[in-house]
Amino acid sequence: MNSIRQVPTRVKRAPVCHTGIILGTHREKGAYTFWSYALGFPLASSSILSWKFCHVLHKVLRDGHSNVLQDCMRHHSSLVEVGKMWSNLHDRYGQLVALYTRLLCTKMEFHSKHSEIPPNLEATDEVLERTAGTDINNVFQLTVEVFDYMDGELRLAETVIRQLNTSIAISTLTSGQCRLAPLIQVIQDCSHLYHFTVKLLFKLHACLPADTLQGHRERFHDQFHSLKTFFNKARDMLYFKRLIQIPKLPDSPPNFLHAASLAKHVKPVVVIPDEDEPEQQDDDDDDPEPLIEVSNVSTPSLQRCQCQDLQIESLKRDLELLRAELERVKAEAQRYITQLKSQINSLEAELEEQRAQKQRALVENEQLRMELEATRRRNAENEAQATEQRYNKLKDKHSELVASHAELLRKSADTVRMLSATQQTQEEVERTKQQLSFEVDRIKQEADMKLEEQKFEMDKLKRELEEKLQVNNSMTALQAEKERLMRSVSEKEAELSSLRQTAQVQQSSLQQERERSSKELGELQSKLQEKVSQDIREQMKQKLLEEQFTLLQGTITEAENIIQDAVAKLDDPLHVRCTSSPDYLISRAEATLGSIDKVKKGHADYLHNMGDAGGLLRALTQFSHLAADTIINGSATAHMAPTDHADRLTENCRGCATQSLQYLKDLKSKATLQKADPAAIRIIIQKILHLGQELRPKSMDVRQDELGDLVDKEMAATSAAIEEAVRRIDEMMNQARKDTSGVKLEVNERILNSCTDLMKAIRMLVIASTDLQKEIVEGGRGAATIKEFYARNSRWTEGLISAAKAVGWGATEMVESADKVVLHTGKYEELIVCSHEIAASTAQLVAASKVKADRNSKKLSVLQQASRHVNEMAANVVASTKTGQENLEEKETMDFSGMSLIKLRKEEMESQVRPFFLNVMSSYFLINLILLTSQIQKVQFFIHDQKNWSRCVYY
């Protein structure tokens, strides 16, 4: 780490050095010794040394003892000062150091605040749930902190990759590896942070509305695309391929608005393979590796096995994690289900209890109502009895008073009689009288008092009796009203029953009348149907025949249009440049002969049953298309044939069209429908078939048993051509750095780098094509040898040979064009044309390889991906070439101030003449290009004929 050169911490020795430091932190349970040495480093004087120190500190934080974080936090301010100092200086490594120190400070602050999550971020989902807690505000704040954490990681990675692109440093050079080495820890951190972010956002969306989290979703989408771009670029770098296995992110970010998307989320897992290779040479060996490794054409089987084992182990670990996650989700779901069931049971019990209470309340209410009614009745009865008792008592007292009064009256009468009878002693009588008068007065007074009381009681009783009489009268009236209403209801019911009986009698009579009318109507309808059906059948049959013939005429008209369109193409100037193979013409002619037989059979069926023209319509449709196809392909084949054969073939095509139109014309008319015969068409089609067989090319000069060796030779020659191209581009780049500078050097380096990337992509394409070719041979040869397989599939083999030659020739031509462009002896357009030619050649190689490949083959997918990569690199060459051309072109402006009017007129005429001249030259070169393309097609047609293949090139 003390080295200040642009050399990475040694790939082979770094684990030993870092392991010693990490083990030291575990032995002393802290980072005191590490910081005691680190404080002596001159970090303020060397940006490269500061960069390496940040790399080591990052690894110590991730893999060191748990107390390392506390020791590092004591030096947090020193780390911040180093970052601020380098951020103010215009130094490339200084900018990286500033970003790296900011990331390390963010990392230490985050893990100090959330001590449950270790600095290596290897925390389970349960730990993350426990850290987030149940308070939604804490979850929201934790999500923002994880976003900031991820932003720091991605800013550092993007800056490193951007500096690599601008300084033309690649991952195989030490200067590039020095910058790329810390990104291994960045990749490990980002994979965990991405998983944390997805989990936290799903939890937030389960508790908060979607509009509130719109900003979180947009920020996550930006981070997702940046992380995916970073992983893809790192995966393509050779430096990372042997040090780390980078996971692949999904094509689109998770849909947080749909909770079920959480089940589709897979945690990205980073795998660090074990290093079993021996140590490399000493630190002084700083020679750069070649730009492209081309020593081995195919990957050794041992490395493939190791990669497969690593993938299997990674998949097993992912499977175990997914199983554990599934068990946890199942347990949690079961727990939720149990809780919900218990809640449901408790709610049901409460509901039953409420229902019972309601029922009891209703019963009690009814009992209370009944008791109240009974009490009221008892009170009324008691009051009536008490009143009646009082009345009886008063009545008895009144009777007693009347009896006593009568007794007193009798006594008075007796006394009077005694006085009249005994008038003997007046004094005694007077005294007796006085006594009797006195007694009478006293008795009268007592009787008057009793009478007054009796009157008062009688009045009171009368009032009570009147009230009772009123109540009895109202009850009597109500009873009478009730009896009256019952009598009226009875009368109404009697009337209703009589009306029902009357209605039933009327309904039965109406039903009988309806049935009789129905029978009469049915008889009349059957008679009418019998009379009308015969006429309708005749009309429908005639209409069906007319519709079938009209449909036949419409189909014939459409068939005539198709054949006339095919004949019109024979005289079309654009059709002159169309070509076809004799084999394809033969297949079309044979299909047309088969369709003629179907037309003849359909014609006979139609004449037998003119109510069904379906068979003839289908046969005519097929015949018209096949006949037009035969005419067009016959003319296209004639363009590549000798003059004699071409004239005869064209004449027969026209004759075929004439006879077909005549036959269709006969079918279209009812007068000539019976005698229409396609025999003349069959004769002309047979002539076209015979001419196509005569035009078949002869076999190749190469022997069948030599094709297998020729394929291997051409593939080896292509690989050698690519290796030579890489070597020459490397030489040209070194020479350009010596001879040029400034803008020209920048343009040349950009063009040569794009050419190097294109050669690299072509080499990967050739390797993928070779692997797919071996898979095709092994899967299709069976018990035969490889040479026998190539001989049995000679045309496919010839296509592979031609494509391989085209790829090798294109690579050679690109190197020549690039050399001329760098030396300023060639044109930029030549390099652009070479790029297009290479893209076309690789497409031809892919097409030739796909002919016999299995659609589900993984190697076919690899080949297609390599082909797309070649197209992208070719586009980059074109773009860099055009950009360089624009940068180097000098726009000169003429000075017209010293010219006279005549010279200005002359310049104006020359300026007007030059566009016309360039237009004429453009047309001339376009015609030459068309002739060259036509000649190339003729040569390819007679050398590499492929069955059922045709193409048409329009300019």
**Prompt:** Reachable lysines from residue 600, Cα under 24 Å, same-chain residues fewer than 8 places away excluded?
**Reply:** 665, 668, 670, 675, 687
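Rank by packing, highest mean first: peptides 41-48, 187-194, with packing defined as the count of other Cβ atoms within 10 Å averaged across residues.
On the way: 41-48: 15.9, 187-194: 22.4.
Answer by packing, highest mean first, reads 187-194, 41-48.
Give the peptides 749-762, 499-512 in descending order of average Cβ contacts within 10 Å, highest first. List each step's numbers first, then the result.
On the way: 749-762: 23.8, 499-512: 10.0.
Packing proxy ranking, top to bottom: 749-762, 499-512.
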**Complete:** Going residue by residue through segment 492-508, the Karplus relation 6.51 cos²θ - 1.76 cosθ + 1.60 with θ = phi - 60° gives ³J(HN,Hα) values, rounded to whole Hz and with x marking Gly or Pro, of 4, 4, 5, 5, 5, 5, 5, 5, 4, 4, 5, 5, 4, 5, 5, 5, 5
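Determine the alpha carbon to alpha carbon distance for each of 248/774; 52/264; 248/341; 569/601; 267/858 and list only those over 32 Å. Display every interim value, and only then the final one.
Values: 248/774 28 Å; 52/264 39 Å; 248/341 41 Å; 569/601 30 Å; 267/858 24 Å.
Violating the 32 Å limit, Cα to Cα: 52/264; 248/341.
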**Asked** Accessible area per residue, 1.4 Å probe, Å², for segment 479-581: what's the number?
**Response** 79 Å²
**Request:** Express the carbon and sulfur contribution to the solvent-accessible surface of segment 55-204 as a percent, rounded to the nearest whole number, probe 1.4 angstrom.
**Result:** 49 percent
**Item:** Extension gain from residue 716 to residue 495, taking 0.36 nm per residue of separation minus the Cα-Cα distance
**Value:** 67.9 nm
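Near residue 33, within a Cβ-to-Cβ distance under 15 Å, what is the net charge of the other residues, with Lys and Arg +1 and Asp and Glu -1?
Numbers: positive: 27, 29, 74; negative: 28, 71.
Summing Lys and Arg as +1 and Asp and Glu as -1 gives +1.
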**Asked** Hey, what's segment 71-197 come to in accessible area per residue, 1.4 Å probe, Å²?
**Response** 39 Å²
**Message:** Can you bin every Cα-Cα distance in segment 49-192 into 10 Å intervals starting at zero and give me the percent of pairs per bin, rounded to whole numbers?
**Reply:** 11, 40, 33, 14, 3, 0
**Message:** I'd like the Karplus ³J(HN,Hα) series for segment 837-843: coefficients 6.51, -1.76, 1.60, θ = phi - 60°, whole numbers in Hz, and an x wherever there's a Gly or Pro.
**Reply:** 5, 5, 4, 5, 5, 5, 5
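Please give the peptides 214-221, 614-621 ranked by average Cβ packing (other Cβ atoms within 10 Å per residue), highest first, as a rough proxy for protection. Walk me through the intermediate numbers first.
Working: 214-221: 15.0, 614-621: 18.6.
In decreasing order of mean packing, 214-221, 614-621 become 614-621, 214-221.
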**Fill in**
Once phi for every residue in segment 358-370 is put through the Karplus expression 6.51 cos²θ - 1.76 cosθ + 1.60 (θ = phi - 60°), the whole-Hz ³J(HN,Hα) values, with Gly and Pro written as x, are 4, 5, 4, 4, 5, 5, 4, 4, 5, 4, 4, 5, 5
**Prompt:** Could you give the alpha-carbon Rg of segment 114-273 over 2.2 N^0.38 Å, rounded to two decimals?
**Reply:** 1.10
**Message:** Using protein chains only and a probe of 1.4 angstrom, how many square angstrom of residue 387 are accessible, to the nearest 10?
**Reply:** 20 Å²
**Request:** Could I have the simple spin-label model distance between residue 309 and residue 137, label points 7 Å from Cα toward Cβ, reported in nm to one decimal?
**Result:** 5.5 nm
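The values are calculated or read from the model by the stated rules, or taken from the named source; none is laboratory data. What you see is a predicted model, and the numbers here were worked out from it, not measured in a lab. Cβ: placed from backbone, ideal geometry, glycine included. Neighbour counts: every protein chain shown. Keep in mind that these areas ignore ligands, DNA and RNA; they rest on the heavy atoms of the full protein, side chains included. Shrake-Rupley method; radii C 1.70, N 1.55, O 1.52, S 1.80 Å.
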